[in-house]
Amino acid sequence: MNSVAALCLNIPDIKRCIQTEEDRTVTVRTLLLLSLWSCRSSSPGGAFGYVHSAADTWGVALAVRLPFIRSLRKNMAGLELLSDQGYRLDGRKAAELRKVQARMGVFAQADGSAYLEQGNTKALAVVYGPHEIRGSRSRALHDRAVINCQYSMATFSTAERKRRPHGDRKSTEMSLHLKQTFEAAVMTQLYPRSQIDIYVKILQSDGGNYSVCVNAATLAVIDAGIPMRDYVCACTVGFVDETPLADLCYAEESGGVSSLALALLPRGGQIALLQMDARLHQDHLEALIEAAMTACKGVSKVLDEVVRQHLQEVSSLTGE
Amino acid sequence: MLKSKTFVKKTRSGGVMKIVREHYLRDDIWCGSEACSGCKQESTVLQTDACMESSLCSYPHYLVPDTNVVLHQIDVLEDPVIRNVIILQTVLQEVRHRSAPVYKRLKDVLHEKEKHFYTFTNEHHRETFIDREPGESANDRNDRAIRVAAKWYSQHLKKFECDKDGLKVVLLTNDQGNKQKAEESGLLVYKCEEYIKSLIANPELVDRLALSNDDKNEIGSSKVLFPEHLPLSRIQAGIKCGSFLQGTFRASRDNYLEATVFVQGEGDDSTEVLLQGLQNLNRAVHQDVVAVQLLPRSQWVAPSSVVLQDEGAAKDDDVEEEEEEKALRISAAEAARKPTGKVVGIIKRNWRPFCGMLNVSQIKESTRHLFTPADRRVPRIRIETRQASTLAGHRIMVAIDGWPKDSRYPNGHFVRSLGSAGEKDTEQEVLLLEHDVPHQAFSQAVLSFLPKMPWAITPEDMVRREDLRHLSVCSVDPPGCTDIDDALHCRELENGNLEVGVHIADVSHFIRPSNALDKEAASRGTTVYLCGKRIDMVPELLSSNLCSLRSNVERFAFSCIWEMNHKAEVLKTRFTKSAINSKASLTYAEAQMRIDDTNMNDEITKSLRGLNKLAKTLKRQRIDKGALTLSSLEVRFHMDSETHDPIDLQTKELMETNSMVEEFMLLANISVAQKIYDEFSECALLRKHPAPPPSNYDILLKAAKSKDVEIHTDSAKALADSLDGAKVDGFPYFNTLLRILATRCMMQAVYFCSGMDSDFHHYGLASPIYTHFTSPIRRYADIIVHRLLAVAIGADSTYPDLMDKHKQSALCNNLNYRHKMSQYAQRASVAFHTQLFFKSRGILNEEGYVLFVRKNAIIVLIPKFGLEGTVFFDTKGKTVPNLVFDEEGPTLSVEQHIFCIFDKVKVTITLDDSNVQHQKIRMSLIEPVITGVSVPAPDAEPQAKKLKLDN
């Protein structure tokens, strides 16, 4: 591997890849994702090539995604998402995140685990591995580890209690996104012919499920002692009244806001995943991505603190 | 970046769902007062010196109104006297929830710097947030939140005030319970009425107070006059099961005891329900959305033809009333009966402030007076005022507050005075208000988006523009026009063809999408031209200066350039943003003179001649295709330069140059329409003119037949041809009259969005596609079209709303509405000036033609003034002559004389000012002489007056 920078996209590359529609609004339907695998399989070239190959490789993923593209919803609920005084529904200012609280090592039997709360969205992440390939051995890769992700939501996670069978399309899609994100971040080439399992469960859902899962899983992977290039931090941003709003809660997400989810490797500033379902004018895209990156950096600071504190606790326990 | 915040969960359970939301409390919300030394705020809103001359509060103070005070007394709060008010977030949210119009007005007040209104986000402040206690209703909780915030403010100010001059906070509430609790907790609290009455310096504010429901001195007797309205839940249930119908209440203009409810059914099947009698109208006011219940078929009635005005003193005993109601119930033929019903409840009130005049009560000391709105469909309103004597004879505005079931009239309050009745400015204001024409001065927010002066074209501007400053462009407009939005040029090319350019002011360069300026222009929709006054759509700096293509200054333009051959066939079309420098602004007459004067051979004249020649060809081609030339008389007033009173009336003269400019504007509009439709098939803003249904032509056909002329209406072309051929010997005016009649048969042209409609045809112009491109200074539709075209040629970027066909279509609805209202306002203004004119002229005898024949009247058109008037044959208090109406003709025989359409008559014109609010031009017949009907021609007296004026 040459460098991480070769794997991840920066903003100008992304802008080149986004197709503009007749009316000069953009919809980032395609997921821009990176992984060692997609890089290898692509022809050597600029980031442009990577994205295309990613889309080709994940043709299945796209087919799954399309039905979920959210239709343009107007702000029917009539909630004032951003007041004239600059406060949001829950009293935050535009760029403020929700309160993030996290704990690592919550389960003893797993190799790594973490619990993370971002406002009212709560997630539990568990990591097993790296271990031998389970099941069919043909899935093994000779030069790196396979990452296996599974996302699920607890029946009691939303206001309406609902049975959520495994493997429904929404969670399959989410699992896929997680897998792609972590393939970009985990140094999988250190563990050829092995497998890493990441299980994430949403216990309570209040907007930004994807980002909370990524953040929780990062901590769990760190807890398992698997080397990563950097923390992967994710955050959603929405666009209201010409202002980007960081870390949307459910009320904001459902208020018809164009929102964008972004996963970032903060130190190098590389984007691991970018996803946007709604339509947005291309002029605003850059501002929105900037805001998302700032928010992700904010998350990474909190995560870093959690990791340091956890290390301190562990080391004091072991008496070092 | 994460501040430490106390974390509180707010649980809101309603129905089935339990929603949990986070609620962050902050320490960094400042109080907004200039006097405070404790808050680290950057700018302050509330002044230290917050003095209002109140006999109750002699100290400087801030006001904290509660929700009901804001909702009901917004008229008072808007007054410039009321300053330094703290609007709590709790109040703002409740107002938003309960009344959108009040919320909008409150927001406007909050934005006004001079008002010093401050919004305090108390729900997110750590010290003012309160949880709802068990058993506490949401309203009680909000009241408590308001009290807590007010308490916090008073303590906060006491603690942090720099120079101690006793700044206090006064809570305003009308709720007795709330007031008592506030007093217990040591707050300064007053009822809104108490406080406003204590403002010694401004007694006029008292009249603006709305009457609140719990007011003890309720107006009206205790007797219940009306049935109770049903609650909304029962209405909804009733509508669902079909026992009630929902519709818009439309009061009758002529009969105050009658109204119809227009019930919109599915598809085309909508019905009208007739309502008769005060009980059945049940306090509904014109334009309200109501629920009606149909009466059994046996009680159905026919609409009466009686004219009934609610006149005279206030009627509290209903003896008289009953008699009037009886007059309605003349048994009608079974066939004429219509579905009749009664109002059972009001779904949505559509009250707005009404213009009108006060009928001063006969009792001298009385403070209660009746108010008669200018719109006859609105009932009279009872208001309370102490300044009745000053308001008598003034046009005033009054808002309705409520209509209790034991009151004969709705109760209202005085909003403001517009000036004395009959004065030009006042009447103008009234007609603008009544036609819903936004005419306030532009707000600061709007003006902030204007370009900074001095303005000049910069090299950056020229990067994307074509430099056409060297061309000899000129503009041709009516005299006195300052908003010039089009200019033309024509020159010969080397290959012998002609290059013709239409240059339109580039308004969209200055008005950027979705800023306040753009929103204001979109809401105004059009510039309204009244006699002697113009209500601009965009601020004057743009309309008369930066956008106006005046001569010898450099201006931005959007140019449409064609290459044509001498047969006026378009060979090439090109659109570009450009910069031009007009060489001359001419009037139609000046341009005509240049064309006719063979001695002039400069560039501009040559270009004008070229244009004129092409225009003639274009016009012929267009007429060959079946475009209609219709006629309506337009009048021009010659105004006195000092008094602005009309001194002469003249019908507008049309010159060749008028039609020259028109031809090229039509061509530009059609070219642009085609281009934007090709580029954006879903969201192009176009204009269509539907073909009228055949039945519309009945009156025209009958009229023509009476003179043995045949008119074909199968197609626009057939109509145009037969109108051209319609001539009667010895009656040169016949053709014009016929065209005037044909104009009345037409439909209204409308804007629409191409994605929402499939019929694009413009009937009158015989063009398959049409739009408005050429007057962006005075029409908003043109601005949108400019933006679309700019995107189509890559000169500008788009924005989401431009491409959203639903938003586009909503915009079209507004534009069509504004356009219609502006036309009505224009007509009303002409009518008012005509009245002024005839007032100064005294009595006049004129010749005219019968335009329509009605059951009891003929409508006469006087070509000299373009004036239309009605001659009634059944005036009140006179014996009605023997009238026989024949619908086939249509003819009306009065005694022995028979009136047909196009008959020549002689009438005398007078101004009837017996009703100050509704002055009318009255016409009475002089010739033909019919005994008992016609009047002898008055003379002598007007002549002298006329001489004086002519000098």
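Backbone phi angles across the range A:145-153, fed through the Karplus curve with coefficients 6.51, -1.76 and 1.60 (θ = phi - 60°), yield HN-Hα couplings of 8, 8, 9, 10, 10, 9, 10, 8, 10 Hz in residue order; Gly and Pro are listed as x. For the range A:100-318, lysine pairs with C-alpha atoms less than 24 angstrom apart, excluding pairs fewer than eight positions apart on the same chain, total 15.
By DSSP, the beta bridges lying fully in the range A:100-318 are antiparallel in about 85 percent of cases. Extension gain for the segment B:ASP597 to B:ASP913, taken as residue separation times 0.36 nm less the Cα-Cα distance, is 108.8 nm to one decimal.
Counted residue by residue at 0.36 nm each, then reduced by the alpha carbon distance between them, the extension gain from B:ASP708 to B:ALA100 reaches 212.9 nm. Proximity of backbone amide H atoms, modeled 1.01 Å from N, is registered between B:HIS762 and B:HIS689, B:SER767, B:ILE769 at under 5 Å, excluding neighbours fewer than 5 places apart on the same chain. Carbon-plus-sulfur fraction of the accessible area of chain B, 1.4 Å probe, in percent? So the carbon and sulfur contribution to the accessible surface is 50 percent. Rolled with a 1.4 Å probe across the full set of protein chains, the surface gives B:LYS705 an accessible area near 150 Å².
Qualifying trypsin sites (Lys or Arg not before Pro) in the range B:232-264, where qualification requires a DSSP coil assignment and no more than 13 other C-beta atoms within 10 Å, comprise B:ARG253. Shown is the FRET efficiency for B:LYS18 and B:LYS113, computed with R0 = 51 Å from the Cβ-Cβ distance and rounded to the nearest 0.05: 0.75.
At the residue level, A:PHE239 shows approximately 40 square angstrom of accessible surface with a 1.4 angstrom probe and all protein chains present.
In this label model, B:ARG416 and B:THR629 are separated by 4.8 nm, measuring between points 7 Å along each Cα→Cβ vector. Taken residue by residue and averaged, Cβ atoms of other chains lying within 10 Å of the Cβ of A:90-97 number 5.
Distant-in-sequence amide contacts of A:ASP277, defined by a placed amide H-H separation under 5 Å and a gap of 5 or more residues or a different chain, comprise A:SER259.
Rounded to the nearest Hz, the phi-derived 3J(HN,Hα) couplings of the range A:162-173 under the Karplus curve 6.51 cos²θ - 1.76 cosθ + 1.60 (θ = phi - 60°) are 8, 6, 10, x, 5, x, 6, 5, 4, 6, 4, 4, where x marks glycine and proline.
In sequence order, the range A:199-214 has phi-based couplings of 10, 10, 10, 8, 8, 9, 10, 9, x, x, 4, 4, 5, 5, 4, 4 Hz under the Karplus curve 6.51 cos²θ - 1.76 cosθ + 1.60, θ = phi - 60°, and Gly or Pro positions carry x.
Take the residue pairs B:LYS40/B:LYS179; B:LYS572/B:LYS688; B:LYS115/B:LYS820; B:LYS839/B:LYS906; B:LYS688/B:LYS807; B:LYS348/B:LYS920 and return only those whose Cα atoms are more than 27 Å apart. Listed pairs above 27 Å: B:LYS40/B:LYS179; B:LYS115/B:LYS820; B:LYS348/B:LYS920. Database remark: amide H of B:TYR62 closer than 5 angstrom to the amide H of B:LYS168, B:VAL169, B:VAL170 (H placed geometrically; neighbours at sequence offset of 5 or more, or on other chains; Pro and chain starts carry no H).
Extension gain for B:SER137 to B:TYR733 (0.36 nm times residue separation, less C-alpha to C-alpha distance): 207.0 nm. With K and R counted +1 and D and E -1, the other residues having a Cβ less than 15 Å from that of B:LEU549 yield a net charge of 0. Taking all protein chains together, B:HIS918, B:HIS72 sort by accessible area into B:HIS72, B:HIS918, largest first [probe 1.4 Å]. Applying a DSSP loop filter and a limit of 16 other Cβ atoms within 10 Å to the trypsin sites (Lys or Arg not before Pro) in the range B:423-476 leaves B:LYS452, B:ARG464, B:ARG469.
Note on B:THR367: accessible area approximately 40 square angstrom, rounded to 10, probe 1.4 Å, nucleic acids and ligands left out. Ranking B:THR390, B:THR891, B:THR657, B:THR44 from most to least accessible surface, computed with a 1.4 Å probe over the protein chains only, gives B:THR390, B:THR44, B:THR891, B:THR657. Entry comment: accessible area of the range A:100-318 is 40 Å² per residue, from protein heavy atoms only and a probe of 1.4 Å. Over the range A:198-309, Cα pairs under 8 Å with separation of 6+ residues give a relative contact order of 26 percent.
Each other residue within a Cβ distance under 13 Å of B:ALA445 adds +1 if Lys or Arg and -1 if Asp or Glu, for a net charge of -2. For the set B:ILE347, B:ILE711, solvent exposure ranked by accessible area (probe 1.4 Å, protein chains only) runs largest to smallest as B:ILE347, B:ILE711. Extending 7 Å from the Cα toward the beta-carbon at both B:GLU847 and B:LEU294 defines two label points whose distance is 5.6 nm. Sorting the segments B:484-490, B:49-55 by their mean number of nearby beta carbons within 10 angstrom, highest to lowest, gives B:484-490, B:49-55. In this simple spin-label model, placing a label point 7 Å from the Cα along the Cα-to-Cβ direction at both B:TRP455 and B:ILE239 gives a separation of 4.7 nm.
The values are calculated or read from the model by the stated rules, or taken from the named source; none is laboratory data. Computed from a predicted model, the values in this text were never measured in an experiment. Cβ: placed from backbone, ideal geometry, glycine included. Neighbour counts: every protein chain shown. Just the protein is used for accessible areas: all its heavy atoms, side chains included, with ligands, DNA and RNA removed. Shrake-Rupley method; radii C 1.70, N 1.55, O 1.52, S 1.80 Å.
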